[in-house]
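Before any comments, here is the structure.
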Amino acid sequence: MSYDISLLSPTLGAVITGLDLGAELDGIPLGRIQADLDRHRVLFFREQSLTPTKQRDLAAAFGPLHRHPIYPHSEGLPEVLVLDTLQDDLRDNAVWHSDVSFLPAPAAMAVLHADIVPDVGGDTLWSCQHAAWQALSAPLQRWLGGLQAIHRLDQSFPPQRFGDTPERRARREKALAQHPPVSHPVVRRHPRTGEASLYVNEGFTAEIEGLAPAESRALLQLLFQHSQRPEFQIRWSWRPGDVAIWDNRNTLHYACDDYRPQHRRMRRATILGEPPLAMASQDRARSATPA
Ligand SMILES: O=C(O)CCC(=O)C(=O)O
Ligand SMILES: [Fe+2]
């Protein structure tokens, strides 16, 4: 099956037309989709109306799937989580984040399907963290390349969120006990493309290791602001049935919270990756050498 692709920005985002993601898996050009994802980082497919099972199967073709410790899931499908404004307070997704960076081996990719969307509003934004890294000065790139940061689940799942019933409280507490804070490189190297990208996010990154608290706060503030520059971003206005597939290693995303009280429901299947790779020291040195 061949398809057409058109770009949304120079650095990230492409819309694919002429492809039915609900077709039999062996008819879907998974290798070409993966190559386009490597190049464009976020791919969009209009009005696909994938069933939850098809969504799970499509995502599983790219790698093992994650079961989220807190979010509810599609009936009978623990790998397909449901983000429903009638069920949960999802305002915390209106913060720039990379999915499940609180895991030792976070998500490589995600497949998001729009079930119910407001007439207007409820867009999702993505930001390219390879472009963000590239736009930093060479001395800062070199310094960041040697740093590690702590990522925590509870930063995006505070007690007031998912703590309103005894069951949800217990689920959150169990999740916290099973997910102690983890340390990841501040700059990660993509295992498929070799590209460097900034890897801190407001959703889960709590501190930079080894710095004084005030230094860590100031540096994270600088990096969060930098990572969110409009130059690195795209924004998608959903129609029901739209699908987005993103590279979760080198992008951040943000679900715009501008549509309440309208109803919005999305589903996500999340493909697990590897522990983030740090920059090799010779690469850090090279990034500081004028071309
Ligand atoms: O609701 C959305 O548009 C995205 C929510 C989100 O952060 C996710 O699915 O990972
Ligand atoms: Fe997310």
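The values are calculated or read from the model by the stated rules, or taken from the named source; none is laboratory data. Just so it is clear, the model here is predicted, and its values are computed rather than measured. Cβ sites come from the backbone with ideal geometry, for glycine too, and all protein chains shown count toward neighbours.
A compact table of results
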{"quantity": "Candidate set: the range 83-106, residues that are at pLDDT 95 or above and near ligand 2 (Cβ under 9 Å from one of its atoms); chosen: the one surrounded by the most Cβ atoms within 10 Å (Cβ to Cβ)", "calculated": "SER98"}
{"quantity": "Qualifying residue in the range 141-152 (condition: within 16 Å of ligand 1 (Cβ to nearest atom) and either within 20 Å of LEU220 (Cβ to Cβ) or buried (at least 17 other Cβ atoms within 10 Å of the Cβ) (or both))", "calculated": "yes"}
{"quantity": "Flag for TRP133 being crowded, with 18+ Cβ neighbours inside 10 Å and either within 14 Å of ligand 2 (Cβ to nearest atom) or among the acidic types (Asp, Glu) (or both)", "calculated": "no"}
{"quantity": "Filter pass, HIS253 being modelled with pLDDT of 75 or more, on the phi < 0 side of the Ramachandran plot and within 13 Å of ligand 2 (Cβ to nearest atom)", "calculated": "yes"}
{"quantity": "Count of residues meeting criterion [closer than 22 Å to GLU231 by Cα, touching a residue at least 40 places away in the same chain (Cβ under 8 Å) and aliphatic (A, V, I, L, M)] in the range 2-53", "calculated": "5"}
{"quantity": "Candidates GLN160, GLN155 - the one that is polar (S, T, N, Q) and under 21 Å from the mean Cα position of the chain (by Cα)", "calculated": "GLN155"}
{"quantity": "Test: residue in the range 118-127 that is more than 16 Å from ligand 2 (Cβ to nearest atom) and buried (at least 16 other Cβ atoms within 10 Å of the Cβ)", "calculated": "yes"}
{"quantity": "GLN225 vs. criteria away from ligand 1 (no atom under 11 Å from the Cβ) and touching a Ser or Thr at 6+ places or on another chain (Cβ under 9 Å)", "calculated": "no"}
{"quantity": "Residue count for the range 237-267, restricted to those that are touching a Gly at 6+ places or on another chain (Cβ under 8 Å) and under 24 Å from TYR199 (Cα atoms)", "calculated": "4"}
{"quantity": "Count - residues of the range 1-38 that are crowded, with 16+ Cβ neighbours inside 10 Å, under 20 Å from the mean Cα position of the chain (by Cα) and aliphatic (A, V, I, L, M)", "calculated": "7"}
{"quantity": "Test result for ILE70, part of a helix (DSSP H, G or I), β-branched (Val, Ile, Thr) and surrounded by 18 or more Cβ atoms within 10 Å (Cβ to Cβ)", "calculated": "no"}
{"quantity": "Total residues in the range 73-91, condition in a loop (DSSP other than H, G, I, E, B) and in contact (Cβ under 8 Å) with a residue 24 or more places away in the chain", "calculated": "5"}
{"quantity": "Within the range 159-188, tally of residues that are in contact with a helix residue (DSSP H, G or I) (Cβ under 8 Å, 6 or more places away or on another chain), without any contact (Cβ under 8 Å) to a residue 60 or more places away in the chain and either closer than 16 Å to ASP88 by Cα or surrounded by fewer than 19 Cβ atoms within 10 Å (Cβ to Cβ) (or both)", "calculated": "3"}
{"quantity": "Any hit, the range 97-120, residues being in a loop (DSSP other than H, G, I, E, B), β-branched (Val, Ile, Thr), under 30 Å from ALA35 (Cβ atoms) and under 17 Å from the mean Cα position of the chain (by Cα)", "calculated": "yes"}
{"quantity": "The listed residue being within 18 Å of ARG192 (Cα to Cα) and touching a strand residue (DSSP E or B) at 6+ places or on another chain (Cβ under 9 Å), out of LEU30, LEU50, LEU19, LEU37", "calculated": "LEU37"}
{"quantity": "Candidate set from the range 83-123 (those that are of a type in the set (Val, Ile, Thr) and near ligand 1 (Cβ under 10 Å from one of its atoms)); member that is farthest from ARG171 (Cα to Cα)", "calculated": "VAL117"}
{"quantity": "Residue match in the range 135-145 (condition: outside any helix (DSSP H, G or I), modelled with pLDDT under 95 and not β-branched (Val, Ile, Thr))", "calculated": "no"}
{"quantity": "Test for PRO290: is it modelled with pLDDT under 95 and assigned to a loop (DSSP other than H, G, I, E, B)", "calculated": "yes"}
